[in-house]
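The values are calculated or read from the model by the stated rules, or taken from the named source; none is laboratory data. Since this is a predicted model, take the numbers as computed values, not measurements. Here the Cβ is made from the backbone with ideal geometry for all residues, glycine too, and neighbour counts use every protein chain on show. When the accessible area is computed, the model is the full protein with side chains, heavy atoms only, and any ligands, DNA or RNA have been set aside. Shrake-Rupley method; radii C 1.70, N 1.55, O 1.52, S 1.80 Å.
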Amino acid sequence: FSQRDAKFLFTATKPEQYKRLSNPEFTFAGRSNVGKSSLISAVLRSQSLVKTSKKPGHTSTLNFFGLTSSTYPESAITVVDMPGYGFRSRDDWGQFIMEYLSTRKELKRVFLLVEAKVGELKTTDLSFLELVEHHNVPTQLLLTKTDKLKRTDLNIVSGKVLRAAMDVAPTAVVPEVICCSYKTKVGVDAIQEAILRASGV
Ligand code: GTP
Ligand code: MG
């Protein structure tokens, strides 16, 4: 992934707005403020492209980014930044995202972000996992902001959240957690590799 290959495409709340995109797609989901937008900017290697904020609830639409590469011009990848859940009411968050998750065939994998310091899955995470299990969307856990936690605690937390997630979504959950930090850039390479592998590029 290199900076010049990434671009912001559009924001969307309706299928008509994104259905013409047919490249392998990867979506970053999770509670408000877990660090979705920050991590996407690291993965795309472009700070200016993705808006992040200290205030929860910053991202409020589906934001689509495109990755093309001179080596693989024909096999571009789409990355989607989701609004966080847990800040707005469930109904508010619900409709267009529900529609997106249940109908989006291009979706190769959802990255579900959990903040390392929080250390557990919340009710909203569990509901989200029920949703991806129901719709058969492969989902990989990312433990975020790991710069705030000690290595030993990190191992305990990642084992714990993985077990909890697999209890709820045994088919959907990919049995490997990636520990990452926007601050130290730990895990960014691993996410890029996971994207490339799952997109079949
Ligand atoms: P919503 O769009 O509201 O759902 O939030 P988001 O999940 O996109 O979070 P965002 O990337 O906007 O980051 C929220 C806050 O967490 C910002 O103040 C970031 O600077 C901070 N943050 C993000 N990643 C990290 C990280 O790896 N380490 C630390 N220490 N802070 C981080
Ligand atoms: Mg955001």
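Listing for the model above:
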quantity: Mean accessible surface per residue for the chain, computed with a 1.4 Å probe while every protein chain stays in place, in Å²; calculated: 50
quantity: In Hz, Karplus ³J(HN,Hα) per residue of region 20-28 (6.51, -1.76, 1.60; θ = phi - 60°; x = Gly, Pro); calculated: 6, 7, 10, 7, x, 10, 10, 10, 9
quantity: Over the chain, equivalent-ellipsoid semi-axes from the Cα gyration tensor in Å; calculated: 23, 20, 17
quantity: 9 Å beta-carbon shell around Ile195, net charge (K/R +1, D/E -1); calculated: +2
quantity: Cα centre as origin, Lys/Arg/Asp/Glu Cβ charges: the chain dipole, Debye; calculated: 620
quantity: Interchain or long-range residues, amide H under 5 Å from Gly119's placed H; calculated: none
quantity: Charge-dipole axis of the chain as Lys and Arg at +1 and Asp and Glu at -1 on Cβ define it, positive-most pick from Ser158, Phe28, Val186; calculated: Val186
quantity: DSSP-defined antiparallel bridges as percent of all bridges, the chain, nearest 5; calculated: 35
quantity: Given Lys55/Lys160; Lys7/Lys183; Lys54/Lys150; Lys7/Lys108; Lys14/Lys160, the pairs whose alpha carbons are separated by over 30 Å; calculated: Lys14/Lys160
quantity: Förster radius 25 Å - calculated FRET efficiency between Lys160 and His58, Cβ distance, rounded to 0.05; calculated: 0.35
quantity: Carbon and sulfur %, accessible surface of the chain computed with the full protein complex present, 1.4 Å; calculated: 50
